Amino acid sequence: TRVLLTGGSGFIAAHTLDVLLKRGHSVVTTVRTQAKADKIKEAYKGLYEKGQLDFAIVPDIAQEGAFDQAVVSDPPFEAVLHTASPFHFNVTDVQKDLLDPAVIGTTGILKSIKKSAPAVKSVVITSSFAALVNADQGLWPGHVYSEEDWNPITREQADDSPALGYRASKTFAEKAAWKFLEEEKPGFTISTINPPMVFGPIIHNLESLENINTSNQRILWPAQGKWKDEIPVTGVHLWVDVREVAEAHVAAFEKLDAANKRFFVVAGLFSNKEIPQIIKKNFPQYKDLPSDSTPGGDYPEGGKDALYSYSNERSREILGLKYRSFEESIVDSVKSFQAVGL
Ligand code: NDP
C-alpha cells in the first residue's frame, strides 16, 4: 500500500515507519526540515534508492493548507497515518504552541485529503489516553478505562497548565476528526490510536540525550541520578511500549474491522518507583538511583486496587496486538540511551 506518514522524525513515527517498510509498504513521510529527512534517509539508504521511501517537507502543521501538496502523490496514497502533534511542556501560549498544531494539523490534513487525494481509503490518527482520561475522577477505583471514555476538559481548563493544555490539544483534535467524518462524509474511514505513557527504545532520531522525547524522560532521568532524593508523582499509571503503538498504527489500516474505531493501546499499570528498580536490577553501573526507601512515585495507598484499571481487549482482538512486559520495555529504552552516551 502507498502510505503517507506525518511527523516521521518523532519517537513513535520512527517505529511506525520501520514497521511500514518491513511490511513492504511504500512510504512518503513528512518532516519539518531537509536535515531531518537526511537523517532518516541514512538509516534506510537502500530502500530510499529503490524508491520505497521518500520525503515531503511540511514545516508547520498549524498553517492552513500545510498538507495540500504532501497528500498528492504518484502512485496515489491509499492510507494516511497522522502522528505529528506537539508533545512537550515548554509552552508560552497554549493556543499557539499546543492547540493550533494539534487541531488545525488534524482538520487540515483531513481537508487536504478530501480535496486532493481521492484514493485514500483509511486515515489513522495518533490520539492519546489524554483524550480518554477524566481528571475530575482522580484515582477512580473500580473504573475500567476503555474506548468508551472521553476527557471532559474545557477550553478554559486548557490554560491552567502546560500538561492540561496538552491533554486538551489531544482531546479537541480527536473530537474534531470524528466531527469531520460525520459532517463531511469523506471517502475514507478514520481510526484513532490512543496510547497512555509510551516507553521503549528510540531509533535513529536521537542525536543527544538533551532532546529526548517527553515520555522517555521518565526513564532517562532516574538513570542520570535526578531522582536520587525523591521520586516524582506518577500521574498517569498506564503505559505501553512504542513497538506495540507502531504495530497498532499499521494494523489499523491493514485490517478492515478497524475502520471508524478508537483503539486504547495499553499494556498495563506501572508506578514511577518501579522504573529505577528495573534499571538497578539490569544495569548495576548506574549508582545514583533512588533506593527502595526513597519517598514518592508509588501507587496510591491501597495499591492497584485503589486505582482505575483498563481494558485493551479491542486492540488485542481487532488489531491482534500482544503486549510485552514493562521490564523488557525499560531495559530496551536504557540500551537505546546508552548508544548516545548514557
Ligand atoms: P515526538 O515529540 O517525538 O514527536 C512529535 C512529532 O510531531 C515530531 O515529529 C515533531 O516534529 C512533530 N511536530 C510537532 N509540532 C509540529 C508542528 N507544528 N509542525 C510540524 N510537525 C510538528 O513525540 P511522540 O513520538 O511521543 O508523539 C507522537 C504522537 O504521539 C503525538 O501525536 C503525541 O501526542 C502522541 N502520543 C504520545 C505519547 C507518548 O507517551 N510519547 C502518548 C500518547 C500519544 P519535530 O521533532 O521536528 O518538532
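Since every read-out is calculated from the coordinates, none of them should be taken as a lab result. Values in this document were obtained by computation on a predicted structure and should not be read as measured data. A quick note on method: Cβ atoms are made from the backbone with ideal geometry, for glycine too, and the neighbour counts reach across all protein chains shown.
As for region 136-144, it holds no residue that is buried (at least 19 other Cβ atoms within 10 Å of the Cβ), on the phi < 0 side of the Ramachandran plot and more than 16 Å from the chain's Cα centre (by Cα).
Would you point out the residue of region 308-327, among those that are among the hydroxyl-bearing types (Ser, Thr, Tyr) and in contact with a Gly (Cβ under 9 Å, 6 or more places away or on another chain), that is nearest to GLN277 (Cα to Cα)? Checking each candidate, the answer is SER325.
Being of a type outside the set (Lys, Arg) and either out of contact with any Ser or Thr (no Cβ under 6 Å at 6 or more places or on another chain) or within 16 Å of the ligand (Cβ to nearest atom) (or both) holds for only one residue in ASN213, ASN260, and it is ASN213.
Across region 77-86, the number of residues qualifying as under 24 Å from LEU53 (Cβ atoms), in a loop (DSSP other than H, G, I, E, B) and not polar (S, T, N, Q) comes to 3.
Please specify each residue of region 59-86 satisfying the condition of being within 17 Å of PHE253 (Cβ to Cβ) and among the charged types (D, E, K, R). If the condition is that a residue be within 17 Å of PHE253 (Cβ to Cβ) and among the charged types (D, E, K, R), then GLU78 is the only one that fits. One residue stands out among those in region 172-202 that are among the β-branched types (Val, Ile, Thr) and within 11 Å of the ligand (Cβ to nearest atom): the one that is surrounded by the most Cβ atoms within 10 Å (Cβ to Cβ), which is ILE193.
If I go through region 145-171 residue by residue, how many of them are surrounded by fewer than 19 Cβ atoms within 10 Å (Cβ to Cβ), under 26 Å from ILE113 (Cβ atoms) and within 14 Å of the ligand (Cβ to nearest atom)? Qualifying residue count for the region: 0.
Among residues of region 9-20 that are touching a residue at least 24 places away in the same chain (Cβ under 8 Å), those with a beta-carbon under 6 Å from a residue that is among the small types (Gly, Ala, Ser) and in a helix (DSSP H, G or I) at least six positions away or on a different chain give the pairs HIS15/ALA246; THR16/ALA246; VAL19/ALA246.
Screening the candidates VAL103, VAL91 for the property of being within 14 Å of the ligand (Cβ to nearest atom), under 23 Å from ILE193 (Cβ atoms) and not aromatic (Phe, Trp, Tyr) yields one hit, VAL103.
Checking the stated criteria, VAL133 turns out not to satisfy the condition of being crowded, with 18+ Cβ neighbours inside 10 Å, of a type in the set (Val, Ile, Thr) and over 22 Å from the mean Cα position of the chain (by Cα).
Filter region 1-43 down to the residues that are hydroxyl-bearing (Ser, Thr, Tyr) and away from the ligand (no atom under 15 Å from the Cβ), then identify the one that is nearest to SER122 (Cα to Cα). So, considering only residues that are hydroxyl-bearing (Ser, Thr, Tyr) and away from the ligand (no atom under 15 Å from the Cβ), the one nearest to SER122 (Cα to Cα) is THR1. Scanning region 116-130 for residues that are of a type outside the set (A, V, I, L, M, F, W, C) and surrounded by fewer than 23 Cβ atoms within 10 Å (Cβ to Cβ) gives SER116, PRO118, LYS121, SER122.
Take the conditions (1) near the ligand (Cβ under 8 Å from one of its atoms); (2) assigned to a helix (DSSP H, G or I); (3) of a type outside the set (Val, Ile, Thr); ASP97 misses just one of them, which is (1).
In this structure, is LYS50 away from the ligand (no atom under 11 Å from the Cβ), surrounded by 15 or more Cβ atoms within 10 Å (Cβ to Cβ), without any contact (Cβ under 8 Å) to a residue 24 or more places away in the chain and not β-branched (Val, Ile, Thr)? In short, no. PRO86 falls short on exactly one of the conditions (1) within 13 Å of the ligand (Cβ to nearest atom); (2) in contact with a Lys or Arg (Cβ under 6 Å, 6 or more places away or on another chain); (3) not small (Gly, Ala, Ser), and that condition is (2). Cβ-Cβ contacts under 6 Å between residues 6 or more apart (or on different chains), taken from a first residue in region 268-281 that is surrounded by 21 or more Cβ atoms within 10 Å (Cβ to Cβ) to a second residue that is part of a strand (DSSP E or B), are listed as PHE270/TRP239.
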